[in-house]
């Protein structure tokens with residue numbers, strides 16, 4: 001998910017992309033970006049390559065210093081006590097800086113650069129131009145929506161990203177608590193700007209945002225309760241890991257309580273009041289067609305997320321074609337398991353039969369986590385046969401936390417810190433075990449974990465010989481296309497022994513094909529939320545609650561869901577081209593390394609890269 005420039009700093013932090021101000025390097029951080037040496041930065045690079053490298057280094061660090069949150073994601077502690085600035089003034093400054101950078105980038109003499117450097121420059125220019133194209137619609141992005149926004153970002157960031165290894169880290173945690181009120185004032189100001197333009201999420205989305213916000217400010221010290229609030233419990237647990245005196249610990253706990261009551265609680269209460277006010281103003285309907293210039297905004301979203309020139313009608317038809325293809329493959333699974341009935345009856349069987357679900361208990365959840373880990377462990381053993389590039393960063397599997405599991409997606413991935421102190425995390429949402437069928441577990445683990453998002457993102461962070469910005473560039477069709485591609489790759493590697501598990505793989509691919517249909521249906525064809533939900537209930541086998549949560553996500557994040565299938569189809573097209581051209585000389589490791597070795601790229605550049613690799617192999 002990537003948003004226009006107004007959210008650039010925060011969205012970058014949430015997905016590992018852009019940056020902020022003051023230096024205070026973490027002494028434990030050994031693999032992070034360091035502030036440039038004054039003497040070396042004063043030296044003028046002589047060659048065009050040196051000038052380009054200095055340009056990339058300077059612009060990346062400028063961005064990094066603008067985002068305390070992104071610093072934390074990367075394991076840096078420069079501004080460890082601050083949140084990002086999302087004010088209009090800050091965004092205006094970023095826009096001006098990006099325009100200046102684009103002009104500066106045009107001055108390089110590409111004839112004096114290596115092919116690798118030319119590629120980096122193209123990626124940089126493409127990334128900046130895409131950001132600037134978004135700026136026309138900066139107020140069209142929902143600054144708040146039910147799926148992922150500031151109300152859940154604060155606790156999830158503090159719990160999962162803000163590490164507390166020493167006393168100063170705990171003090172920075174408290175300072176961040178004290179800064180929540182000011183940050184939410186900026187959020188509310190952005191909400192008011194959107195109110196002036198007439199941009200609101202649908203009415204039904206507000207109830208979920210308000211409920212999740214109330215969840216954050218429930219429990220001790222917000223209310224009289226034997227249970228601590230989510231944030232306070234996290235802070236106490238992190239203090240318990242430190243060797244502190246009783247006086248230090250009690251002092252920090254008191255400061256945290258004060259910050260929670262005097263900053264966090266008022267901030268959430270003001271935000272809730274603003275959400276309640278705007279809910280009364282939101283116009284009827286669900287898609288972005290109901291917003292000012294909604295059609296143009298959706299064109300921008302499709303271009304941003306797919307990195308193609310496909311229009312809504314083409315994307316919609318592509319979805320319909322692939323739904324039909326996958327339905328045919330599913331009928332083959334029905335024959336394997338000797339199911340006598342229609343495809344719809346088979347779907348109902350898969351939805352309702354208890355053999356495909358673990359109990360909705362702690363024991364059932366523990367079993368799911370253990371088996372998901374086993375799938376990852378088995379995959380790890382086969383990886384060297386199919387990949388030359390293998391990340392050093394570890395990956396763990398974790399349940400989505402209770403405070404956000406009701407509104408969060410069924411699974412997602414969080415990148416490791418660059419310094420290696422925080423592993424990559426595959427999150428599984430086990431709020432309702434009927435939403436997590438056993439037959440989808442294998443494909444889900446490959447997509448979110450290994451060889452999916454963890455392989456791609458961890459490898460990108462660890463790459464040598466490319467600029468830092470390139471490791472975190474935002475090209476969703478590439479990253480999510482890779483995740484979906486690896487689901488099918490698992491079959492090529494000999495997994496999915498159980499036909500029901502293979503059906504689960506097809507079901508997840510079908511889900512992504514249906515996304516092309518419903519996303520364009522909602523935002524371009526004026527489908528209602530209910531019509532889109534009905535389509536997702538009828539065409540894939542997922543349970544109804546899956547369909548409801550998915551459609552609500554696609555409404556909140558227009559266009560994002562189209563990236564997966566479009567990216568996967570392109571990678572499969574390129575692999576088939578390579579296999580056809582090279583025959584027995586086709587090398588799995590070489591192909592996958594070519595996909596991954598330059599970090600995220602637009603699909604057009606990916607095609608150029610693979611075509612060039614094919615020629616070298618010939």
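Assorted remarks:
- For the stretch 234-248, filtered to residues that are within 14 Å of residue 165 (Cα to Cα) and in contact with a helix residue (DSSP H, G or I) (Cβ under 9 Å, 6 or more places away or on another chain), the residue that is surrounded by the most Cβ atoms within 10 Å (Cβ to Cβ) is 235.
- Only listed residue being more than 27 Å from the chain's Cα centre (by Cα) and either at pLDDT below 95 or part of a helix (DSSP H, G or I) (or both), chosen from 616, 562: 616
- Residue match in the stretch 253-260 (condition: under 30 Å from residue 141 (Cβ atoms), surrounded by fewer than 18 Cβ atoms within 10 Å (Cβ to Cβ) and under 30 Å from the mean Cα position of the chain (by Cα)): no
- The condition (being out of contact with any strand residue (DSSP E or B) (no Cβ under 7 Å at 6 or more places or on another chain) and farther than 24 Å from residue 63 by Cβ) is satisfied by just one residue among 475, 403, 469: 403.
- Among the residues of the stretch 60-69, at least one is part of a strand (DSSP E or B) and under 28 Å from residue 149 (Cα atoms).
- The helices (runs of 4 or more DSSP H) falling completely within the stretch 340-417 that include 1 or more residues that are farther than 27 Å from residue 70 by Cβ map to 343-352, 362-386.
Yes or no, residue by residue, for (1) surrounded by fewer than 22 Cβ atoms within 10 Å (Cβ to Cβ); (2) more than 11 Å from residue 614 (Cβ to Cβ):
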{"position": "563", "(1), (2)": "no, yes"}
{"position": "569", "(1), (2)": "yes, yes"}
{"position": "572", "(1), (2)": "yes, yes"}
{"position": "575", "(1), (2)": "yes, no"}
{"position": "580", "(1), (2)": "yes, no"}
{"position": "585", "(1), (2)": "yes, no"}
{"position": "592", "(1), (2)": "no, yes"}
{"position": "597", "(1), (2)": "yes, yes"}
{"position": "602", "(1), (2)": "yes, yes"}
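- Scan of the stretch 391-408 for residues that are farther than 18 Å from residue 159 by Cα and surrounded by 15 or more Cβ atoms within 10 Å (Cβ to Cβ), ordered by number: 391, 393
- Only one of the listed residues (344, 278, 336) is out of contact with any strand residue (DSSP E or B) (no Cβ under 8 Å at 6 or more places or on another chain) and either surrounded by 15 or more Cβ atoms within 10 Å (Cβ to Cβ) or within 24 Å of residue 570 (Cβ to Cβ) (or both). That residue is 278.
- When the residues of the stretch 220-233 are filtered to those that are in contact with a strand residue (DSSP E or B) (Cβ under 9 Å, 6 or more places away or on another chain) and in a helix (DSSP H, G or I), the one that is surrounded by the most Cβ atoms within 10 Å (Cβ to Cβ) is 232.
- For the stretch 369-381, filtered to residues that are under 17 Å from residue 453 (Cα atoms) and either in contact with a helix residue (DSSP H, G or I) (Cβ under 9 Å, 6 or more places away or on another chain) or at pLDDT below 95 (or both), the residue that is surrounded by the most Cβ atoms within 10 Å (Cβ to Cβ) is 379.
- Per the conditions (1) touching a residue at least 40 places away in the same chain (Cβ under 8 Å); (2) over 27 Å from residue 333 (Cα atoms); (3) in contact with a helix residue (DSSP H, G or I) (Cβ under 6 Å, 6 or more places away or on another chain); (4) assigned to a helix (DSSP H, G or I), the sole criterion not satisfied by residue 581 is (1).
- Breaking point among (1) surrounded by fewer than 23 Cβ atoms within 10 Å (Cβ to Cβ); (2) in contact (Cβ under 8 Å) with a residue 12 or more places away in the chain, for residue 264: (1)
- Being under 27 Å from residue 168 (Cα atoms) and either without any contact (Cβ under 8 Å) to a residue 12 or more places away in the chain or in a helix (DSSP H, G or I) (or both) holds for only one residue in 205, 237, and it is 237.
- All conditions in (1) in contact with a strand residue (DSSP E or B) (Cβ under 9 Å, 6 or more places away or on another chain); (2) more than 30 Å from residue 287 (Cα to Cα); (3) not in a helix (DSSP H, G or I) hold for residue 430, with the sole exception of (2).
- Any hit, the stretch 536-546, residues being outside any helix (DSSP H, G or I), outside the structural domain of residue 313 (by TED's automatic domain parsing) and under 26 Å from the mean Cα position of the chain (by Cα): no
The values are calculated or read from the model by the stated rules, or taken from the named source; none is laboratory data. Just so we're clear, the structure is a prediction, and the values are computed from it rather than from any experiment. Don't worry about glycine lacking a Cβ; one is built from the backbone with ideal geometry, like all the others, and counts go over all protein chains shown.
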